[in-house]
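Here's the structure we're looking at; comments come further down.
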Amino acid sequence: MEIVQAQPKTDSLVPLYINAQTGSLRPGVLTFGARADSYYEYLLKQWLQSGKKDKKFLNWYLSSMDGMKKHLLRQSEPSKLTFVGEEINGRFNPKMDHLVCYLAGTLALGAHNGAPEGHLKIAKELVRTCYQMYERMPTGLSPEIVYFNMNSGVLGSQDIVVKPADAHNLLRPETVESLFILSCLTKDPIYKEWGWKIFNAFEKHTKVPIGGYSSISNVQDTSNPRMRDKMESFFLGETLKYLFLLFSNECSILPLDQWVFNSEAHPLPVWTST
């Protein structure tokens, strides 16, 4: 972490790649999606796991969230859905991976532990967008990647655009992860309602009659979503775990002030002085 932090960055945002020979950052894509997501998540969570003692992680986290707001945070048209896009060599791209949906929970967790109150507002708006990525699809399941319309005044335009190559669903956990955290911290029942609809969509379109669940190739086709005969291990290890916690007794099983979930949903204890 110190090596990364010591290098020049764009408002504390790191590019996707590090030169394996020199350890230097390679300029290019700025994203909170695939291959970059856990970096930002762990800035906050390393501070939390230290019992809030290692302040450098908090400072790095807050700086990176400021960078995210400056460079990547936008709203779609016409519904003003808040999303976190990408920047490629300085040019904004309104693309968001489903993976980015973890960020709503991270922002809420940070706000709960003293980060600026505005972070909770963004968290609520972002998790609403992530739910809309499910709700607006015919199957009720989110595609792997979406693009957001930013052109106002176009009659009949839709906020969310899905390209054919991105229409698959891999049973990912990030949205239900954030629903669990937001439900736990705010007690708003809407997050359980959204989680229940997502669970039922998994049941209807991905459940295999003889047992198990399968990724599907097309979330926009209810008649033939095309099962892929493949269930990622994170569906059991993360997606169903977070759904179970969402519908259980809120934070009482694994209180968020005593446990920190890593990117794979393993609960790790917060360090305490002995």
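The values are calculated or read from the model by the stated rules, or taken from the named source; none is laboratory data. Bear in mind the structure is a predicted one, so any value in this text is a computation, not a measurement. Positions of Cβ are generated from backbone atoms using ideal geometry, with glycine treated the same way; all protein chains shown enter the neighbour counts. Just so you know, the surface numbers come from the protein's heavy atoms only, side chains and all, with ligands and any DNA or RNA stripped out. Shrake-Rupley method; radii C 1.70, N 1.55, O 1.52, S 1.80 Å.
Here are a few things to note about the model shown:
- Sorted peptide list for 74-81, 136-143, criterion being average Cβ within 10 angstrom, highest first: 136-143, 74-81
- Computed from label points 7 Å out along Cα-Cβ, the spacing between residue 53 and residue 226 is 5.4 nm.
- For segment 143-262: relative contact order, % (alpha-carbon pairs under 8 angstrom, 6 or more apart): 28
- Evaluated at q = 0.12, 0.13, 0.16, 0.19 Å⁻¹, a Debye calculation over the C-alpha positions of segment 85-244 (equal weights, vacuum) places log10 I(q)/I(0) at -0.54, -0.63, -0.93, -1.23.
- DSSP assigns beta bridges within the chain; of those with both partners inside it, close to 100 percent run antiparallel.
- Stretch in the chain that is longest and holds no GluC sites (Glu not before Pro) that DSSP places in a loop and that have at most 15 other beta carbons within 10 Å: 118-263
- On full extension, the segment bounded by residue 157 and residue 233 gains 23.7 nm, given 0.36 nm per residue less the C-alpha separation.
- Taking only alpha carbon atoms, segment 184-274 gives an Rg to Rh ratio of 1.07, where Rh is the Kirkwood radius.
- Placing 241, 52 in order of accessible area, with the largest value first and a 1.4 Å probe, yields 52, 241.
- Here each label is just a point 7 Å from Cα along the line to Cβ, and for residue 89 and residue 77 those points are 2.7 nm apart.
- Estimated 222 nm signal from helices in the chain, with DSSP H stretches of n ≥ 4 weighted -39500 (n - 2.57), rounded to 500: -11500 deg cm²/dmol
- Alpha-carbon spread of segment 143-206, three principal axes, descending order, Å: 38, 28, 17
- Full-extension gain in nm, residue 187 to residue 24, via 0.36 nm per residue minus C-alpha separation: 54.3 nm
- A 1.4 Å probe over all protein chains sorts 186, 175 by accessible area into 186, 175, starting with the largest.
- Rg then Dmax, both in Å and based on the Cα atoms of the chain: 18.6, 63.
- Scaling the Cα radius of gyration of segment 104-180 by the globular reference 2.2 N^0.38 Å produces a ratio of 1.26.
- Relative contact order, percent, the chain [alpha-carbon distance under 8 Å, six or more residues apart]: 16
- Dipole of segment 181-256 [Lys/Arg +1, Asp/Glu -1 at C-beta], most positive-end residue of 219, 209, 181: 209
- Kyte-Doolittle mean at least -0.5 and Cα axial length at least 15 Å: DSSP H helices in the chain: 102-112, 118-135, 174-186
- Positive dipole terminus of segment 194-274, leading residue within 259, 245, 269 (C-beta point charges): 245
- Burial order of peptide ranges 8-14, 105-111 (average beta-carbon count within 10 Å, highest first): 105-111, 8-14
- Relative contact order for segment 69-177, counting Cα pairs under 8 Å that sit 6 or more residues apart, in percent: 30
- Pairwise label distance in nanometres, residue 196 with residue 271, each label 7 Å out on the Cα-Cβ vector: 4.2
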